[in-house]
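Inspection log for the structure reproduced underneath, given as structure tokens.
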Amino acid sequence: MYDFDYHRPTTIADAVALLAQAEDGRPLAGGQSLIPTLKQRLAKRSDLVDLSAITELRGIRDDGGTLVIGAMTRHAEVAASDLVRSAIPALAATAESVGDAQVRNLGTLGGSIANNDPSADYPAALVGLGATIVTDRRSIAAEDFFTGLFETALAADELVVSVRFPRPDRAAYQKFPNPASRYAVVGVFVAKTGNAVRVAVTGAGAVVFRHSAMEAALTNSFTPAALEPIETPADDFNGDIHASQDYRAHLVKVMAKRAVAALQ
Amino acid sequence: MARTITLTVNGAKVTREVESRTLLVQFLREHLELTGTHIGCDTSQCGACVVHVDGRSVKSCTMLAVQADGAAVTTIEGLAAADGTLHPMQAAFREHHGLQCGFCTPGMVMSAIDLAQTHPTLTETAVREGLEGNICRCTGYHNIVKAVLAGAEAMAGRAEAAE
Ligand SMILES: Cc1cc2nc3c(=O)[nH]c(=O)nc-3n(C[C@H](O)[C@H](O)[C@H](O)COP(=O)(O)OP(=O)(O)OC[C@H]3O[C@@H](n4cnc5c(N)ncnc54)[C@H](O)[C@@H]3O)c2cc1C
Ligand code: FES
Ligand code: FES
């Protein structure tokens, strides 16, 4: 690992100031994606700004029916939270499905979405639920936040502060996990609120996306059978040693059907 | 950049100078010579390096020593009593032959204790899922699962006895 300067500020303002001053600084959250890349010298940073001492970034609360989760909330805390489990059980299940217990003990919501790995689980939940990302300076709709492969709408010195989740009537997440890492080879998050259905797909393409053909079919008939005739074009999908493009397209349908079946 | 950190390791306070980039596992193994914590991979996947930081199991190869400044760390060396009596989870691994070469064992035991502490009742499935982050190349896991179930029961028994 190349060396860097380490900082542990206690306020959001100080963290943003440190990032703005640094030559090439990054926030450090749970470190479960950042430290492996630094360790392997895939990246070099002048400064790491550890967010763990900023209490404003932690915690889970209900704000008039909207669930608000702080950026530094660990996956294990989301999975175990009574509030999340009763308000949006599918979100608790998504957090529980990430990696392994030790990754969940350190990895955070903010770190996962800022990293925006194409196979990460949270992006599907945020887009599927129509969540809003609150930063130190603005609010961003989930669909506008995840912009490309490992890319987000965040500025270099911008911090995710919290995520606001509206409550759906029903929601489910199904993923086909990579057997070694548990990352999603394909993951599909389905949410139904009134007559509106949202289907978000992770793992398949460069970035999470909404599946409008499936959404239309499910709005018409909320059954696994309604998804049967829908083919997903595989042209832009990821193809690698874990799964070919066509296999990923196939998995999109299988995972979507399982998610809808779980909600019958 | 060098920094001075103070933390509690296996109950004893230690203060040392480290580089920002020093990993917790390097700090434990190379600075404190606590070599019971192992390094089995460079992809954060094998779990040989698991220790407890403030009571929760983490991969010490994926945490900086500076991040543990002010924390309480427990390693495999910190489990047995001063007179050498093994922790119930260690005893269960010995009793049920939950190891062969032993390379994965320190991480397995540390993960298993966290699992037992956070799950009042453990099933075989919960143990297998709970040890997702620990890889063993020898045993085929069967006896590890038996050991963890027995160790968890022994831990619960001891907790009851203490009440
Ligand atoms: C073995 C293993 C298995 C895994 N399996 C899965 C899996 O199955 N599914 C899955 O989704 N993920 C998986 N992960 C990734 C894990 O969920 C990470 O926790 C997550 O990707 C990053 O979160 P972090 O808190 O560790 O962030 P870090 O690694 O600390 O940071 C990641 C990036 O986000 C930036 N960042 C962090 N916090 C903020 C913030 N508040 N504002 C702005 N930028 C920020 C950092 O600067 C960095 O660029 C796995 C990781 C490992 C090591
Ligand atoms: S050494 Fe393999 S997970 Fe830490
Ligand atoms: S006993 Fe040899 S790796 Fe597990």
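A compact table of results
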read-out	value
Of all residues making up segment A:19-40, the number that are more than 14 Å from chain B (Cβ to nearest Cβ) and touching a Gly at 6+ places or on another chain (Cβ under 9 Å)	1
Selection within segment B:1-29 - more than 14 Å from chain A (Cβ to nearest Cβ) and open to solvent by 20 Å² or more (accessible area, probe 1.4 Å)	B:8, B:10, B:11, B:12, B:13, B:14, B:15, B:16, B:29
Complete set of residues in segment A:56-86 that are under 27 Å from residue A:7 (Cβ atoms) and open to solvent by 40 Å² or more (accessible area, probe 1.4 Å)	A:56, A:58, A:60, A:77
Unique match (being of a type in the set (Ser, Thr, Tyr) and without any contact (Cβ under 8 Å) to a residue 40 or more places away in the chain) among A:244, A:181	A:244
Any hit, segment A:87-96, residues being open to solvent by 30 Å² or more (accessible area, probe 1.4 Å) and closer than 19 Å to residue A:130 by Cβ	yes
Segment A:1-45: number of residues that are surrounded by 14 or more Cβ atoms within 10 Å (Cβ to Cβ), of a type outside the set (A, V, I, L, M) and in a loop (DSSP other than H, G, I, E, B)	9
Test result for residue A:145, within 12 Å of the chain's Cα centre (by Cα) and of a type in the set (Phe, Trp, Tyr)	yes
Selection count, segment B:38-58, where residues are open to solvent by less than 40 Å² (accessible area, probe 1.4 Å), within 16 Å of ligand 3 (Cβ to nearest atom) and within 7 Å of chain A (Cβ to nearest Cβ)	2
Number of the condition not met by residue B:139 [criteria: (1) within 15 Å of ligand 2 (Cβ to nearest atom); (2) touching a residue at least 12 places away in the same chain (Cβ under 8 Å)]	(1)
Residues within segment A:91-122 that are charged (D, E, K, R) and touching an Asp or Glu at 6+ places or on another chain (Cβ under 9 Å), tallied	2
Residues located in segment B:142-151, provided they are more than 9 Å from ligand 3 (Cβ to nearest atom) and more than 14 Å from chain A (Cβ to nearest Cβ)	B:142, B:143, B:145, B:146, B:147, B:149, B:150, B:151
Positions within segment B:111-122 being away from ligand 3 (no atom under 15 Å from the Cβ) and either surrounded by 18 or more Cβ atoms within 10 Å (Cβ to Cβ) or assigned to a loop (DSSP other than H, G, I, E, B) (or both), in sequence order	B:113, B:114, B:115, B:116, B:119, B:120, B:121, B:122
Hey, residue B:105 crowded, with 17+ Cβ neighbours inside 10 Å and touching a residue at least 60 places away in the same chain (Cβ under 8 Å) or not	no
Considering residues of segment A:98-113 that are small (Gly, Ala, Ser) and facing chain B (nearest Cβ under 10 Å) only, the residue nearest to ligand 3 (Cβ to nearest atom)	A:101
Evaluation of residue A:53 against (1) open to solvent by less than 50 Å² (accessible area, probe 1.4 Å); (2) away from chain B (no Cβ under 12 Å); (3) not in a helix (DSSP H, G or I) (one fails), failing number	(2)
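Yes/no per residue for (1) buried (at least 18 other Cβ atoms within 10 Å of the Cβ); (2) closer than 30 Å to residue A:1 by Cβ; (3) within 15 Å of ligand 2 (Cβ to nearest atom):
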{"site": "B:76", "(1), (2), (3)": "yes, yes, yes"}
{"site": "B:92", "(1), (2), (3)": "yes, no, no"}
{"site": "B:96", "(1), (2), (3)": "yes, no, no"}
{"site": "B:124", "(1), (2), (3)": "no, no, no"}
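The values are calculated or read from the model by the stated rules, or taken from the named source; none is laboratory data. Bear in mind that the values here come from a model prediction, so they are computed numbers and not experimental data. Note that each Cβ is placed from the backbone with ideal geometry, even for glycine, and that neighbours are counted across all protein chains shown. Areas reflect the complete protein model, heavy atoms only, side chains present, ligands, DNA and RNA absent. Shrake-Rupley method; radii C 1.70, N 1.55, O 1.52, S 1.80 Å.
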